[in-house]
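A quick write-up on the structure given underneath.
The values are calculated or read from the model by the stated rules, or taken from the named source; none is laboratory data. The structure displayed is predicted, hence computed values, not measured ones. All Cβ positions, even for glycine, are placed from backbone atoms using ideal geometry, and neighbour counts span all protein chains on display.
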Amino acid sequence: MFGAGDLVDRFEDLLEKERAAILEGNFDFLKRAVAEKERLVSALGAAGEDVSRLRRLREKAEGNRLLLEAAGRGIRAAAERLAGLHGPAPALSTYDSSGRRQRLETASGKLESRA
């Protein structure tokens with residue numbers, strides 16, 4: 001069995017790998033790491049450890065949580081943007097010579113690009 005200090009070191013190493021995985025978008029690693037984190041948390045609870053070392057682990061875990069939340073927001077924003085690109089193009093509004101607003105609709109709903 002590992003001592004409490006070894007457990008903290010292993011947990012800290014796992015949290016650093018988790019941070020790198022979040023930044024790289026390696027979600028497969030994140031899924032695999034959950035079971036190891038749960039095991040280490042259980043083992044640490046039973047072993048007892050210096051409060052300052054545990055506080056450092058909590059700070060790293062909190063930093064990873066914030067990164068995951070930001071990654072989730074980015075993924076949702078990208079999905080919304082992609083969904084918007086597949087929908088109809090918005091109408092173009094212009095003004096005529098007398099200042100009245102006119103709406104110009106595209107027939108296909110897509111903008112055409114010409115070189």
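The residue pairs whose first member lies in segment 71-97 and is assigned to a loop (DSSP other than H, G, I, E, B), whose second member is at pLDDT below 85, and whose beta carbons are closer than 7 Å, counting only pairs six or more residues apart or on different chains, are P88/G109; A89/T106; A89/G109; A89/K110; A89/L111; A91/R103; A91/L104; A91/E105. Note on segment 64-99: among residues that are closer than 30 Å to L15 by Cα and touching a Lys or Arg at 6+ places or on another chain (Cβ under 7 Å), the one that is surrounded by the most Cβ atoms within 10 Å (Cβ to Cβ) is N64. If you filter segment 46-57 down to residues that are assigned to a helix (DSSP H, G or I) and surrounded by fewer than 11 Cβ atoms within 10 Å (Cβ to Cβ), you find that the one that is modelled with the highest pLDDT is R55.
Note on segment 28-37: residues that are under 14 Å from L68 (Cβ atoms) and either exposed (fewer than 12 other Cβ atoms within 10 Å of the Cβ) or among the β-branched types (V, I, T) (or both) total 2.
Considering segment 100-115, the residues that are of a type outside the set (K, R) and either modelled with pLDDT of 95 or more or surrounded by 10 or more Cβ atoms within 10 Å (Cβ to Cβ) (or both) include one that is farthest from L15 (Cα to Cα), namely Q102.
Residues of segment 1-46 that are among the charged types (D, E, K, R) and without any contact (Cβ under 8 Å) to a residue 24 or more places away in the chain: D6, D9, D13, K17, E24, D28, K31, R32, E36, E38, R39. The residues on offer are R58, R39, R10, and the sole one that is under 21 Å from the mean Cα position of the chain (by Cα) and either β-branched (V, I, T) or within 30 Å of I75 (Cβ to Cβ) (or both) is R58.
For segment 1-26, the candidate set comprises residues that are surrounded by fewer than 13 Cβ atoms within 10 Å (Cβ to Cβ) and part of a helix (DSSP H, G or I); within that set, the residue that is modelled with the lowest pLDDT is G5. Hey, could you check segment 27-45 for residues that are of a type outside the set (V, I, T), within 13 Å of R10 (Cα to Cα) and in contact with a helix residue (DSSP H, G or I) (Cβ under 9 Å, 6 or more places away or on another chain) and say which is modelled with the lowest pLDDT? My answer is L44.
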